[in-house]
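Every number in this text was worked out from the coordinates using simple rules, so none of it is lab data. No experiment lies behind these values; they were computed from the predicted model shown. Cβ sites come from the backbone with ideal geometry, for glycine too, and all protein chains shown count toward neighbours.
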Amino acid sequence: MVNSRANLWALKELGVERVISPCAVGSLQEEFRPGQIVILDQFIDLTKKREYTFYDGARTMHVSTADPFCSELREVFVKEAKRHKVPHHKEGTYVCIEGPRFSTRAESRMFKAFADVIGMTLCPEAQLARELEMCYLSLAMITDYDVWAERPVDVGMILKTMAENMDRIKLLLTSSIPRIPELRKRCECPRALESAGA
Ligand SMILES: [Zn+2]
């Protein structure tokens, strides 16, 4: 029920050029462990009933999402994660499901075949940012293994992992943000609409 169009439009109106979006995810792979941060490079959108575009009127735009996250922001954050030894994956695919329910065991096993982490919030935020020519980065904090792992859910563990994750995310944000160049010269995000048609 998140109104992603309103949120991103408000940021654009305020003159925001770059969006860094931390989120909590479940893991679909053994080696993507709770407590690690994934600097995502791909997503698969399996949501069903959201508002996906600002161009639903007379004008139609087809932005490229081949590489849906800002290349320059990814580079800065990967470098800082390495420098501060933050447990992380420099790449990862996020499958976005509609929710609000969690996956069935069969769904979870299927998602495991083509994605690394799972959540409900990334889409369509990332593509809407692209339509507004804003840079967008997602930092996915792994809180637990999804249901495929057949491990009992331990709420205490999840809360502990989330608290540790928050400290790591804060460290990553405070060290990376000052290292982002002021002008956006090295990524394609500011020109996303140039080849998008109409
Ligand atoms: Zn960018």
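Please give, to one decimal in nm, the separation of the simple spin-label points placed at Val16 and Met61, each 7 Å out from Cα toward the Cβ.
Each label point lies 7 Å from its Cα, and together they span 1.7 nm.
On a C-alpha basis, how far is the centre of segment 1-56 from the centre of segment 94-115 in Å? Whole number, if you could?
Their Cα centres are 16 Å away from one another.
What is the sum of charges around Cys187, taking Lys and Arg as +1, Asp and Glu as -1, for the other residues whose C-beta is under 10 Å from the C-beta of Cys187?
On the way: positive: Arg18, Arg74, Arg184, Lys185, Arg186, Arg191; negative: Asp67, Glu72, Glu75, Glu188.
Surrounding charge for Cys187 is +2.
Calculate the radius of gyration of the Cα atoms of the chain to one decimal place, then report Dmax, the largest Cα-Cα distance, as a whole number, both in Å.
Computed over the Cα atoms of the chain, radius of gyration and Dmax are 17.0, 52 Å.
Once the piece of chain linking Lys79 and Ile44 is laid out straight, how much longer is it, given 0.36 nm per residue of separation minus the C-alpha distance between them?
Gain on extension, Lys79 to Ile44, equals 10.1 nm.
Do any trypsin sites (Lys or Arg not before Pro) in segment 13-118 lie in a DSSP loop with no more than 11 other beta carbon atoms within 10 Å, and if so, which?
On the way: sites: Arg18, Lys48, Lys49, Arg50, Arg59, Arg74, Lys79, Lys82, Arg83, Lys85, Lys90, Arg101, Arg105, Arg109, Lys112; in loops: Lys48, Lys49, Arg50, Arg59, Lys85, Lys90, Arg101.
Sparse-neighbourhood loop trypsin sites (Lys or Arg not before Pro): Lys48, Lys49, Arg59, Lys85, Arg101.
Could you give the length gained by full extension between Phe102 and Val153, i.e. 0.36 nm per residue of separation minus their alpha carbon distance, to one decimal place?
Computed gain between Phe102 and Val153 is 17.1 nm.
What net charge is computed for the residues neighbouring Asp116, neighbours being all others with C-beta under 13 Å from the C-beta of Asp116, Lys and Arg scored +1, Asp and Glu -1?
-2
Count the lysine pairs in the chain whose Cα atoms sit under 17 Å apart, keeping only pairs 8 or more residues apart in sequence or on different chains.
Lysine pairs satisfying the spacing and distance rule in the chain number 6.
Obtain the nm distance between the two label points defined at Trp9 and Ile169 by a simple spin-label model: each point lies 7 Å from its Cα along the Cα-to-C-beta direction.
Distance between label points: 2.6 nm.
Which whole-Hz couplings ³J(HN,Hα) result when phi for each residue of segment 165-181 is put into the Karplus expression 6.51 cos²θ - 1.76 cosθ + 1.60, θ = phi - 60°, listed in order with x for Gly and Pro?
Whole-Hz 3J(HN,Hα) from phi for segment 165-181: 4, 4, 4, 5, 5, 5, 4, 5, 5, 5, 7, 7, 4, x, 8, 7, x.
Mind giving me the FRET efficiency for Val2 and Leu193? R0 is 22 Å, r the Cβ-Cβ distance, nearest 0.05 is fine. Walk me through the numbers on the way to the answer.
On the way: r = 24 Å, r/R0 = 1.08.
Efficiency computed from Cβ-Cβ geometry: 0.40.
Relative contact order of segment 64-198, please, whole-number percent, based on alpha carbon pairs below 8 angstrom and at least 6 residues apart.
Numbers: 111 pairs, mean separation 49.3, N = 135.
Reported as a whole number, the value is 37 percent.
With the chain treated as a Gaussian network of Cα nodes joined by springs under 10 Å, which of Ile37, Ile142, Ile20 yields the largest mean-square fluctuation?
Largest GNM mean-square fluctuation: Ile20.
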